[in-house]
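First the structure, in the form of structure tokens, and then the observations on it.
Every number here is computed from the coordinates shown, using simple stated rules; none is lab data. None of the values given here were measured: they were computed from a predicted structure. Heads up, the Cβs are rebuilt from the backbone with ideal geometry, glycines too, and the neighbour counts pull from every protein chain shown.
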Amino acid sequence: MSLRVGSPVAGRVVALSAVPDPVFSQAMVGPGVAVDPLRSKADVVSPLDGTVVTLHPHAFVVAGTDGAAVLVHLGIDTVKRKGEGFELHVVKGEEVRAGQRIVTWDPAEVEAAGFAPICPVIALDASAEVLGGLALDTDVAANDALFAWSR
């Protein structure tokens, strides 16, 4: 069985190695891709159907019914913003559908504040071998497929 993981934001898909943070660029958290978002205020959407198991203004994890969990991180070091510039639309424990709005943010504003707005999308507790069809070096809209996760 394969799980479709969608893009949480519109932008350009890049390899994790392009993320200016070794925790992500060296896949210490897990394999995946990153999306360099369009520089305009936008909604961030759930990458899959599931439950919001972790929720911060700058990052969230959605776990599917089979336990597959995907981390979406909005920018690098954006935890330092203490929620400024992020508007949450769900609560921890909420059931969500792929493409459902989770957060609203403005990547241009994040960048202007001195933070990289790139968005890592990570398959937690997975090995790189189980991810296929990575949409690298392509432009995506929110909820377009980023990769398939063989389960």
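Quick look at the values:
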{"quantity": "Region 122-151 and region 45-82: distance between their alpha carbon centers, rounded to Å", "calculated": "15"}
{"quantity": "Sorted largest first, extent of region 1-59 alpha carbons per principal axis (Å)", "calculated": "33, 28, 24"}
{"quantity": "Charged-residue dipole, Cβ positions (Lys, Arg, Asp, Glu), the chain about Cα centre, Debye nearest 20", "calculated": "140"}
{"quantity": "Longest to shortest principal axis, alpha-carbon extents of the chain, angstrom", "calculated": "41, 32, 25"}
{"quantity": "Cα centroid of region 89-114 to Cα centroid of region 1-36, whole Å", "calculated": "16"}
{"quantity": "Among F86, G132, C119 the positive-end extreme of the charge dipole of the chain (Cβ point charges)", "calculated": "F86"}
